[in-house]
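Please read the structure below before turning to the comments.
The values are calculated or read from the model by the stated rules, or taken from the named source; none is laboratory data. Please read all numbers here as calculations on a predicted model, not as lab measurements. Cβ coordinates were reconstructed from backbone atoms using ideal geometry, including for glycine residues, and neighbour counts include every protein chain displayed.
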Amino acid sequence: MLRESIENAGDSIDLEGLADPGCTQIDGIPHSEALLRFTNAFMGNDTELLAETRATLAKEMSPEALVDAAGVASNFQRMVRIADPTGIPSDDLMMVLQEDLCEKLGLNEYISAANSKAPSWFKRLVIRLFGVPKFKKILKEKSS
């Protein structure tokens, strides 16, 4: 969804850095350095570092942006904690939409990736021809 939203806005961003633990900045994402520091602290156990990165993010962007970033990080953390242990698979449309991204980011290496079975070549073809364009059209309409 993130990638589709970025493309829908007419932008292009290399998201491969998200899979690199050493990544400190992603070109094309404003304030990515502060956002990545906050995200790493959010996922860690160092409360002092988390407090420091929260203050930096609020100063560089805004207190409202900090709340938004914390909300997004918390929501993703919650979704993963629910989806992984219950084995919720991705549906066929999402599997097709995220194929290349999962490969780039190494997401297929996670144990939970086995919960999602790849659609057959014929189903992937049908989804690419009809499902993906429809999804992008709906996303574009909702974004407008």
ask   = Quick one: is Asp100 modelled with pLDDT of 85 or more, over 24 Å from Asp20 (Cβ atoms) and of a type outside the set (A, V, I, L, M, F, W, C)?
value = no
message = Being within 25 Å of Ala9 (Cα to Cα) and surrounded by 14 or more Cβ atoms within 10 Å (Cβ to Cβ) is true for just one of Ala41, Ala34. Which residue is that?
response = Ala34
task = Return the total of residues in the stretch 110-136 being surrounded by 10 or more Cβ atoms within 10 Å (Cβ to Cβ) and more than 14 Å from Leu93 (Cα to Cα).
result = 5
inquiry  = Please verify whether Leu35 is assigned to a helix (DSSP H, G or I) and either in contact with a Pro (Cβ under 9 Å, 6 or more places away or on another chain) or touching a residue at least 40 places away in the same chain (Cβ under 8 Å) (or both), treating the condition exactly as stated.
reply    = no
key: Enumeration of residues in the stretch 44-64 that are loosely packed, with under 11 Cβ neighbours inside 10 Å and either closer than 22 Å to Lys104 by Cα or among the β-branched types (Val, Ile, Thr) (or both)   = Thr47
